[in-house]
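**Student:** Can you read through this structure? Questions will come right after.
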Amino acid sequence: MTPQGLFDDALSAVKAWHAALQPEHAFCPWPDDLRYEPRAPRSLPATELIRVAPGRTTPLSTPVVEAFQALSPHLEWRLTYTQDEVGRHFLNNYGWFELAGPEGHFITHQTRITVGYWGPGLDYPRHQHRAEELYTVLSGSALFKADGVPDRILKAEDTCLHLSDQPHAMMTHDSPILTLVFWRGEGLADAPALSAA
Ligand code: ZN
């Protein structure tokens, strides 16, 4: 299959996931301006990690995870954070890509859909951003922390909403985690900033 065919398959799987889960379609409508944009692949450790160790899925999330595993060598994987901010071990076990959005594999200006992978034993430091985001877990699990709400362990099909500029953090333990994140509001293309202590 061509890369574009793999991207179309992954987008269809994500669209079905978005339609099947109430918090997802309540958070943002499915965008109607999606346009495929060829992008040069960028390989990171996560390129292979999501293929060999995605963590536990559910019947609903399995097709999405499998679509991303097939797509992984064609993805423009990104890191955003520096070694000074998060350490080398974190960067060797982490990666994310923008499936759809202002700078995504599919261009849309209505929302942003990103996918993030964290290996086991990582401490994702407290950070924040202007756009609101809805985390949905595809596989694995992690402890989610956000200012003003109790800590929660999330697994496949669970969701977590972060409000505009609400500091949040995440820790993985024995399991990795693969997340699909929907974004809305101002600042869709802005990078997150680590929060003050
Ligand atoms: Zn965030």
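The values are calculated or read from the model by the stated rules, or taken from the named source; none is laboratory data. These figures come from a predicted structure and were not determined experimentally. Cβ sites come from the backbone with ideal geometry, for glycine too, and all protein chains shown count toward neighbours. For accessibility, only protein heavy atoms count, side chains too; no ligands or nucleic acids. Shrake-Rupley method; radii C 1.70, N 1.55, O 1.52, S 1.80 Å.
**Student:** Only one of these conditions is not met by Phe90: (1) hydrophobic (A, V, I, L, M, F, W, C); (2) open to solvent by less than 10 Å² (accessible area, probe 1.4 Å); (3) within 17 Å of Ile50 (Cβ to Cβ); (4) part of a strand (DSSP E or B). Which number is it?
**Tutor:** Failed condition: (4).
**Student:** While we're here: Would you pick out the residues in the range 170-188 that are away from the ligand (no atom under 14 Å from the Cβ), part of a loop (DSSP other than H, G, I, E, B) and in contact (Cβ under 8 Å) with a residue 60 or more places away in the chain?
**Tutor:** Ser175, Pro176
**Student:** In this structure, does Ser61 turn out to be out of contact with any strand residue (DSSP E or B) (no Cβ under 7 Å at 6 or more places or on another chain) and either within 15 Å of the ligand (Cβ to nearest atom) or open to solvent by less than 20 Å² (accessible area, probe 1.4 Å) (or both)?
**Tutor:** Criteria not met by Ser61.
**Student:** Would you say Gly116 is buried (at least 21 other Cβ atoms within 10 Å of the Cβ), among the small types (Gly, Ala, Ser) and in contact with a Phe, Trp or Tyr (Cβ under 9 Å, 6 or more places away or on another chain)?
**Tutor:** When the stated conditions are applied, Gly116 does not pass them.
**Student:** Just to be sure before I move on: is His105 more than 16 Å from the ligand (Cβ to nearest atom) and surrounded by fewer than 16 Cβ atoms within 10 Å (Cβ to Cβ) in the structure I sent?
**Tutor:** For His105, the condition - more than 16 Å from the ligand (Cβ to nearest atom) and surrounded by fewer than 16 Cβ atoms within 10 Å (Cβ to Cβ) - is not met.
**Student:** If you go through the range 144-167 one residue at a time, do you hit one that is under 30 Å from Glu37 (Cα atoms), open to solvent by less than 10 Å² (accessible area, probe 1.4 Å), in contact (Cβ under 8 Å) with a residue 40 or more places away in the chain and away from the ligand (no atom under 12 Å from the Cβ)?
**Tutor:** The answer is no; no qualifying residue exists.
**Student:** Still on this structure, I have one more. Quick one: Arg56 ticks every box in (1) in a loop (DSSP other than H, G, I, E, B); (2) open to solvent by less than 50 Å² (accessible area, probe 1.4 Å); (3) touching a strand residue (DSSP E or B) at 6+ places or on another chain (Cβ under 7 Å) bar one, so which box is it?
**Tutor:** Going through the list (1) in a loop (DSSP other than H, G, I, E, B); (2) open to solvent by less than 50 Å² (accessible area, probe 1.4 Å); (3) touching a strand residue (DSSP E or B) at 6+ places or on another chain (Cβ under 7 Å), Arg56 breaks only (2).
**Student:** Right, another one. Restricting to the range 8-22, and then to whatever is under 16 Å from the mean Cα position of the chain (by Cα) and not aliphatic (A, V, I, L, M), can you tell me which residue is surrounded by the fewest Cβ atoms within 10 Å (Cβ to Cβ)?
**Tutor:** This residue is Lys15.
**Student:** Moving to a separate point now. Among Gln83, Gln110, Gln128, which is the only one that is in contact (Cβ under 8 Å) with a residue 40 or more places away in the chain, away from the ligand (no atom under 13 Å from the Cβ) and open to solvent by 10 Å² or more (accessible area, probe 1.4 Å)?
**Tutor:** Gln110
This table checks each residue for (1) of a type in the set (A, V, I, L, M); (2) modelled with pLDDT of 95 or more; (3) within 21 Å of Phe182 (Cβ to Cβ).
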site	(1), (2), (3)
Ser43	no, yes, no
Ala67	yes, yes, yes
Ser72	no, yes, yes
Leu75	yes, yes, yes
Asn93	no, yes, no
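**Student:** Here's a follow-up. So in the range 24-37, with the set limited to residues that are open to solvent by 50 Å² or more (accessible area, probe 1.4 Å) and in a helix (DSSP H, G or I), which one is modelled with the lowest pLDDT?
**Tutor:** Going through the qualifying residues, I end up with His25.
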